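The values are calculated or read from the model by the stated rules, or taken from the named source; none is laboratory data. Note that the coordinates shown come from a computational prediction; the quantities given were computed from them, not determined experimentally. When we count neighbours, we look across all protein chains shown, and the Cβ atoms used for this are built from the backbone with ideal geometry, even at glycine.
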């Protein structure tokens, strides 16, 4: 099997935004409410943050539990990692995810402002200022034969799409409108020239968009 | 997470049969054509028997690749293992799957005719004459904290449903009629009293039925 660069469970609004405007420490998705945007995933049995034994095991759960399936590394943009911009004032910030980040693999954070790698539980964060192709090469090496997940946000996914490096992409379109924010697309049809696309409505109200390279 | 007993990728005809009549060495599914019944899975990139790098990565592929996800053991009926009936004449028969069976875990074959365990590659076949609850206990122990897959056929799945031991079930209903054979159900609605059910049509023509315990 070839090793893939995969977007998994990335969620956008009906109008194509992956996050709202005005990201801040208290608002990691800007004016968007992540509980609303991600409610389809939060309702599943496989949601990593779930603390009870409930949750649905229907269609949405297949996507939620595929998140880590055969993944050996993640690439993310700096704005997924941190609300800060520009040079780091210090290295106290260690991501949004507490002592047990849900990645469980090496994570490559793309930033012009390098800082030392650090490890939380079984996730190690590296900081890299390479272009998408170079970062993908680093992540592939770290993934030891498994696939690499492209974690977002929307701007980072766009960069990898522009460089034609994405192999498969699962985007859940949530039934909310944001009006403004960080845009993934005007329409998923933009990608049909390069990708097969299956559109699968879920009983939960989201619509799963499954892309794979032609 | 609790450990589940899961039916994965079990395929039946529109009229509810998991296999046709007259299973024989040359016809493991009796008068049913497994290539037709299973064509939805065979077209995916993750189909275990695929030898090229093609195949779809749409909805059906999510189900195909979930086959082994967090599975630590399989339980199957004797008729899935072998076309023979009654006492073993010898122990030459080692299953339909050649030197590299697609299970990669311990497999428990339910039969009244015991024989010694044997190993092919990373799959070990055990033979057991316990009732469903006892076999599930054996398989759980072998699965070392992972889930157990209930592999079929239809008669074996019915036995575990009757004993109320199945936690989740994915059944793909294929757009073919068989008229007779080994029946899983008259209608999936039979199970709605005990299970949630989501019905998800796939662009390939099959309809995925996702059950999980209420």
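Please give the number of the condition residue A:140 fails out of (1) in a loop (DSSP other than H, G, I, E, B); (2) touching a residue at least 60 places away in the same chain (Cβ under 8 Å); (3) surrounded by fewer than 20 Cβ atoms within 10 Å (Cβ to Cβ).
Of (1) in a loop (DSSP other than H, G, I, E, B); (2) touching a residue at least 60 places away in the same chain (Cβ under 8 Å); (3) surrounded by fewer than 20 Cβ atoms within 10 Å (Cβ to Cβ), only one is false for residue A:140: (1).
Taking the range A:174-190 only, how many residues are closer than 25 Å to residue A:62 by Cβ, part of a helix (DSSP H, G or I) and over 18 Å from the mean Cα position of the chain (by Cα)?
1
Quick one: would you say residue A:161 is out of contact with any strand residue (DSSP E or B) (no Cβ under 6 Å at 6 or more places or on another chain), under 22 Å from residue A:68 (Cα atoms) and crowded, with 16+ Cβ neighbours inside 10 Å?
Details: out of contact with any strand residue (DSSP E or B) (no Cβ under 6 Å at 6 or more places or on another chain): yes; under 22 Å from residue A:68 (Cα atoms): yes; crowded, with 16+ Cβ neighbours inside 10 Å: yes.
Yes, satisfied.
Search the range A:16-29 for residues that are at positive phi and pair each with any residue that is assigned to a strand (DSSP E or B) and buried (at least 22 other Cβ atoms within 10 Å of the Cβ) when their beta-carbon atoms are under 7 Å apart and the residues are at least 6 apart or on different chains.
Listed by first residue and then by second, the contacts come to nothing, as the list is empty.
So for the range B:159-173 (the condition being over 14 Å from the mean Cα position of the chain (by Cα), in contact (Cβ under 8 Å) with a residue 40 or more places away in the chain and closer than 30 Å to residue A:60 by Cβ), does at least one residue qualify?
yes
Kindly provide the set of residues from the range B:77-86 that are assigned to a loop (DSSP other than H, G, I, E, B) and either closer than 17 Å to residue B:27 by Cβ or modelled with pLDDT of 95 or more (or both), ordered by number.
Within the range B:77-86, the subset assigned to a loop (DSSP other than H, G, I, E, B) is B:82-86.
Listed by number, the residues that qualify are B:82, B:83, B:84, B:85.
What is the residue count in the range B:203-212 for residues that are in contact with a strand residue (DSSP E or B) (Cβ under 6 Å, 6 or more places away or on another chain) and either assigned to a loop (DSSP other than H, G, I, E, B) or loosely packed, with under 15 Cβ neighbours inside 10 Å (or both)? So that I can check it myself, show each step before the final result.
The initial filter retains those residues of the range B:203-212 that are in contact with a strand residue (DSSP E or B) (Cβ under 6 Å, 6 or more places away or on another chain), namely B:203, B:206-212.
Within this subset, residues satisfying the condition of being either assigned to a loop (DSSP other than H, G, I, E, B) or loosely packed, with under 15 Cβ neighbours inside 10 Å (or both) are B:203, B:206.
Residues meeting the conditions: 2.
Could you please find all residues in the range B:36-52 being in contact (Cβ under 8 Å) with a residue 40 or more places away in the chain and touching a helix residue (DSSP H, G or I) at 6+ places or on another chain (Cβ under 6 Å)? It would help to see each step written out before you state the result.
Step one: list which residues in the range B:36-52 are in contact (Cβ under 8 Å) with a residue 40 or more places away in the chain, which gives B:36-41, B:43, B:48-49.
Listed by number, the residues that qualify are B:40, B:41.
Tell me which residues, restricted to the range A:147-172, are in a loop (DSSP other than H, G, I, E, B) and within 13 Å of chain B (Cβ to nearest Cβ). Quick ask: steps written out before the conclusion?
So in the range A:147-172, the residues in a loop (DSSP other than H, G, I, E, B) come out as A:151-153, A:163-167.
Of everything in the range A:147-172, those that are in a loop (DSSP other than H, G, I, E, B) and within 13 Å of chain B (Cβ to nearest Cβ) turn out to be A:166, A:167.
Okay, residues lined up against (1) more than 14 Å from chain B (Cβ to nearest Cβ); (2) within 18 Å of residue A:38 (Cα to Cα); (3) part of a helix (DSSP H, G or I); (4) in contact (Cβ under 8 Å) with a residue 24 or more places away in the chain:
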position: A:54; (1), (2), (3), (4): no, yes, no, no
position: A:61; (1), (2), (3), (4): no, yes, yes, no
position: A:74; (1), (2), (3), (4): yes, no, no, yes
position: A:92; (1), (2), (3), (4): yes, no, no, no
position: A:100; (1), (2), (3), (4): yes, no, no, no
position: A:108; (1), (2), (3), (4): yes, no, no, yes
position: A:124; (1), (2), (3), (4): yes, no, no, no
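Quick test of your reading of the structure: residue A:192 fulfils all but one of (1) farther than 26 Å from residue B:208 by Cα; (2) within 14 Å of chain B (Cβ to nearest Cβ); (3) loosely packed, with under 13 Cβ neighbours inside 10 Å. Name the failing condition by number.
Against the list (1) farther than 26 Å from residue B:208 by Cα; (2) within 14 Å of chain B (Cβ to nearest Cβ); (3) loosely packed, with under 13 Cβ neighbours inside 10 Å, residue A:192 comes up short only on (1).
Going by the conditions given, is residue B:120 in contact with a strand residue (DSSP E or B) (Cβ under 7 Å, 6 or more places away or on another chain) and touching a residue at least 24 places away in the same chain (Cβ under 8 Å)? Before you say what the answer is, go through the steps one by one.
Working: in contact with a strand residue (DSSP E or B) (Cβ under 7 Å, 6 or more places away or on another chain): no; touching a residue at least 24 places away in the same chain (Cβ under 8 Å): yes.
So residue B:120 fails the test.
Identify the single condition in (1) within 14 Å of chain B (Cβ to nearest Cβ); (2) in contact (Cβ under 8 Å) with a residue 40 or more places away in the chain; (3) surrounded by 20 or more Cβ atoms within 10 Å (Cβ to Cβ) that residue A:70 does not satisfy, given that it satisfies every other one.
(3)
If I filter the range A:195-210 down to residues being touching a helix residue (DSSP H, G or I) at 6+ places or on another chain (Cβ under 6 Å) and in contact (Cβ under 8 Å) with a residue 60 or more places away in the chain, which single residue comes out as farthest from the other protein chains (Cβ to nearest Cβ)?
A:206
Name every residue in the range A:110-122 that is part of a loop (DSSP other than H, G, I, E, B) and in contact with a helix residue (DSSP H, G or I) (Cβ under 9 Å, 6 or more places away or on another chain), in order of residue number. Step through it out loud before you land on a result.
As a first pass, look at the range A:110-122 and keep what is part of a loop (DSSP other than H, G, I, E, B): A:111-117, A:121-122.
Scanning the range A:110-122 gives A:111, A:112, A:113.
Within the range B:34-52, how many residues turn out to be in a loop (DSSP other than H, G, I, E, B) and in contact with a strand residue (DSSP E or B) (Cβ under 7 Å, 6 or more places away or on another chain)? Spell out the reasoning first.
Filtering the range B:34-52 down to residues in a loop (DSSP other than H, G, I, E, B) leaves B:38, B:43, B:45-52.
Then drop every residue that is not in contact with a strand residue (DSSP E or B) (Cβ under 7 Å, 6 or more places away or on another chain), which leaves B:38, B:43, B:45.
Final tally of qualifying residues: 3.
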